[in-house]
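Asks: Once you've had a glance at the structure underneath, I'll fire off some questions.
No lab work stands behind these numbers, since they all come straight from the coordinates. What you are looking at is a predicted structure, and each value in this text was computed from that prediction instead of being measured. Heads up, the Cβs are rebuilt from the backbone with ideal geometry, glycines too, and the neighbour counts pull from every protein chain shown.
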């Protein structure tokens, strides 16, 4: 395990000024740079202490969750637009706005910087008590160098382009050009320095570039790139992969041959080796930008990734970006990064999120398709993966139907984490169900919790009218033995002892909630042995709200038809609530 990963986490902790002294670990972290961390077991112990400290000091408090929304690309290109859009973001219930910082507008003339848009964004956010994550649209935005200033674009001799294998120039600046880096770095340094001087109370993170990656080919074939490629795999990379071989991503681990020297000898002779080569040098470029930022601040830095989806090959998708299978290359080249963050637009939201929720990569979703299911997806990300944040893209252009679920989810999340931050670390589960993926069974402490999409109940006509099911999303947190908090929408939960679950009879219910006639085998009675175990019963289901101090406030008792006479706990589709559930045992 690399020392730099631990120090990255420590710096993130220190930057956010956690009260470590109150938990007795303050002295440990004050001189973190002097800690000797040479052995893997020591590293794991350090990470364990970090995790413990995060829990003890209220890591999951609302103010640390990014309940975000990203503005559309052109939404912050004038002061008037900024003044109009930021109050709307506050009204939607966001606590953080992701805002582009445009190189072409910040440095329209080389060497002369204009921070008008940056200052307006910071001032509006400060007035509205919002936080800002700036997105550096520098050398690359969605692979292309479209946000580089015109003086940069026109001087192709000084700022060379990446090229395909056939020699075709692309509107992608070559990351192998020192001139490209120095110009990008100079502007990025000016931005970071200005933020530190004027907006450190508002700006919480910076995204370095945007969706880096090669298109039309898996790697750059410009003369500068070819010269580097022919030198073979740097010893730094080979040493890093050898040192961390046990923990490498399985895809990379299977390809890695430490005995080779050329890229093909070490990683194989195919298009993915070109992607590996490119990923390492993109990461090295970003790592140098991060080092520049570190001269001024320990503010968290991250990169975002366009997904390698739909069966595409490198170059058809943005090759070599900060993708999950390339995470070790990015960690080697840019260890200063807090995380690699997925931009999720494709179907299979859970699968994409799961790829990036790793022990060495906390999940942050800076872009997700803004739609009527966004709120349910946010509940899953925070509940299942304790995500750092969630942010629908182009939320300023979304319809009220699309933003409503975001506002509803963020309202619940604020409340849930206000409560749970005042408890010891809690067991947490996140659920996201649709028409195809509609059930999850959890076994915990001798109990079986069955969670399903709300439309698996027989009495809602929307379940069978032919329409697409809305996604159901929720968080289930265990507060104590036989005590749970359920928050979200579109879900039904049953609780059973492990014993009674093994003796459960499969039933089909009619629309009235009773067993449908003719669906239960009459011979079952003679086959079942005597029931001798403990059962779980629902003692109470209360709809509650939670204030900023973590105090739970009773609103109403849900019993009778509202919990199917004690059989389940449910949240209807379109209904956003927090339920406090107590169970009891009986024989």
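Asks: Using mean Cβ contacts within 10 Å as the protection proxy, how do 257-266, 134-143, 426-435 order, highest first? Before the final figure, lay out each step's value.
Replies: Numbers: 257-266: 14.1, 134-143: 24.7, 426-435: 20.3.
Top of the packing list down: 134-143, 426-435, 257-266.
Asks: Can you give the extra length, in nm with one decimal, that the chain gains between residue 168 and residue 182 once fully stretched, where that is 0.36 nm per residue apart less the Cα-Cα distance? Please report the intermediate quantities before stating the final value.
Replies: Details: separation 14, 0.36 × 14 = 5.04 nm, distance 2.43 nm.
Here the answer is 2.6 nm.
Asks: Next question. Round to the nearest 0.05 the FRET efficiency obtained for residue 313 and residue 567 when R0 = 45 Å and r is the Cβ-Cβ distance.
Replies: Numbers: r = 50 Å, r/R0 = 1.12.
Using R0 = 45 Å, I get an efficiency of 0.35.
Asks: Taking R0 as 60 Å, what FRET efficiency do you get between residue 80 and residue 499 from their Cβ-Cβ distance, rounded to the nearest 0.05? Walk me through the numbers on the way to the answer.
Replies: Working: r = 66 Å, r/R0 = 1.10.
Efficiency computed from Cβ-Cβ geometry: 0.35.
Asks: Could you sort 85-91, 346-352 so that the peptide with the highest average Cβ count within 10 Å comes first and the rest follow in order? Present the calculation step by step, with values, prior to reporting the outcome.
Replies: Working: 85-91: 17.7, 346-352: 15.9.
My ranking of the peptides, most packed first, is 85-91, 346-352.
Asks: Quick one: which of 100-111, 226-237 comes out on top by average Cβ neighbours within 10 Å, and what's the full order, highest first? Could the numbers behind the result be given before it?
Replies: Numbers: 100-111: 18.6, 226-237: 14.1.
Put in order of decreasing packing, that is 100-111, 226-237.
Asks: Moving on. Using 0.36 nm times the number of residues separating residue 559 and residue 113, minus their current alpha carbon distance, what extension gain do you get?
Replies: Numbers: separation 446, 0.36 × 446 = 160.56 nm, distance 6.34 nm.
The residue 559-residue 113 span can extend by a further 154.2 nm.
Asks: Mind jotting down the distance between the C-alpha centroids of region 83-134 and region 174-193, whole Å?
Replies: When both Cα centres are located, 21 Å separates them.
Asks: Oh, and also: Give, in nm to one decimal, the length gained when the segment between residue 585 and residue 427 is fully stretched (0.36 nm per residue of separation minus the Cα-Cα distance).
Replies: On the way: separation 158, 0.36 × 158 = 56.88 nm, distance 2.03 nm.
That works out to 54.8 nm of additional length.
Asks: Cα centroids of region 311-379 and region 244-305: how far apart, whole angstrom?
Replies: 16 Å
Asks: Could you pull out which residues in region 450-487 have an amide N less than 15 Å from a spot 7 Å beyond the Cα of residue 549, following the Cα-Cβ vector?
Replies: No residue qualifies, since no backbone N sits under 15 Å from the label point.
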